[in-house]
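Values quoted throughout were computed directly from the atomic coordinates according to the rules given, and no laboratory measurement underlies them. The structure displayed is predicted, hence computed values, not measured ones. We place every Cβ from the backbone using ideal geometry, glycine too, and count neighbours over all the protein chains shown.
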Amino acid sequence: MNRRRTPSSASAEDLLNTLQNLTARARREVELHQARVELAQALQREMLPAALPTVPGLQSAARYAPARHGLDIGGDWYDGFPLADGALGFAIGDVQGHDVEAAAFMGQVRIAMRAIAGTASDPGEVLGRTNDLLVSVDSGLFATCTFMRLDPTTWELHSARAGHVACVWATTEGRSGVTEDPGGMPLGIEPGESYPVTRRTLDSDGAIVLLTDGVVEGPSLLIEDGLERVRQLVAAHVGASAGLLADKVLGATEVTGHEDDAAVLVLRHAAARLGPR
C-alpha cells in the first residue's frame, strides 16, 4: 500500500528566521506606537497654557493627567485668559478620539475660541461661532466644551456648555451641588447650533470645578456616581487653595479605572464684593 509522504517539517533555521522577522516587525510597531505617544504628549504639553489668570479674590489652578494605557491622550484641554474688557475667560473641553490627530484638533479649538472670545462677550456666541468654524474645517472630529466668562468687578459668571460634563460647586457656608445648566451639541457636528447661557453671581466664598469625563467616568464608575463623589470631595475641601483642591479632584481619577485622559480646572473665589472697590 502506498503511503503519502508528509510535508517535510520546517528546519530549525527556518523557524528561527521567521521568529526574527516577526520580532523585528513587532519592534518597529512598538517604536512607531511609542513615537506617536511621545508626539501626542509633546503637543499636549505645548498647547496647554503655562499659567492661568488671577485677580484679587480669585485663584485659578488646573491639572492634567494622561491616560495610563496606549494612545488615549491628546483630547482633553483647559484654558484661561484675560479678555479685552477686563473680564476673564475660562474653558475646559474634550476632543472625541485620541492620538496625535486629537491633540492637533484640540489646539485648533483652543486657538479658535481664544480668537473669537476677543470679539464676542457672550459665551453662547463664542461657542456658536467656534462650532461653525470647526464645522467648516470638516476634520471629522468633534469636541465637548464649557466656556465661562467672569466679570471681576461684579463677580458675575456667565457660562455656556457644548455637550460637556457638568461642573461641581461648593461654598464655605456648606452648600454644594452639580450644575444642571442647559447646553447644546458638541462643537464641530452641525452648523448654526445655539448654546444657552447661564448667569449667576458668586455671592458666597467657594469654588467652581470644571472637569472632563475622565475624572468622573470609567470602567469602574458611572458618571453620576463620579460626579457625586467629586461633589463630596469639593465640599469637604472647599476652603483649600485652588491648587490643593485641583490635586484632590484629579486624585479622584484613581476610582474610575482611569483609561481616559483627565483635566481639572478650579476657580477658587471670594464672595462678590459690594460697593466701591
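Here are the numbers for this structure:
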read-out: Shape call, segment 116-190: gyration tensor on alpha carbons, a/c limit 1.5; value: oblate
read-out: Estimated FRET transfer efficiency when R0 is 22 angstrom, pair Ala270-Arg199 (beta carbons, to 0.05); value: 0.70
read-out: DSSP-loop trypsin sites (Lys or Arg not before Pro) across segment 128-211, with at most 16 other Cβ within 10 angstrom; value: Arg175
read-out: Within-13-Å neighbourhood charge of Ala143 [Cβ basis; K, R +1; D, E -1]; value: -4
read-out: DSSP-assigned coil residues among GluC sites (Glu not before Pro) in segment 157-198, each with at most 13 further Cβ atoms within 10 Å; value: Glu173, Glu180
read-out: Calculated from backbone phi, Karplus (6.51, -1.76, 1.60) coupling profile of segment 57-66 in Hz, x at Gly/Pro; value: x, 9, 10, 10, 8, 9, 9, 9, 10, x
read-out: Magnitude of the charge dipole, segment 107-171, Cβ model with Lys/Arg +1 and Asp/Glu -1, debye to 20; value: 180 debye
read-out: Prolate/oblate/rounded label for segment 137-277 (Cα gyration tensor, a/c 1.5); value: oblate
read-out: Separation in nanometres of the label points that stand 7 Å from Cα toward Cβ, at Glu180 and Asp138; value: 4.1 nm
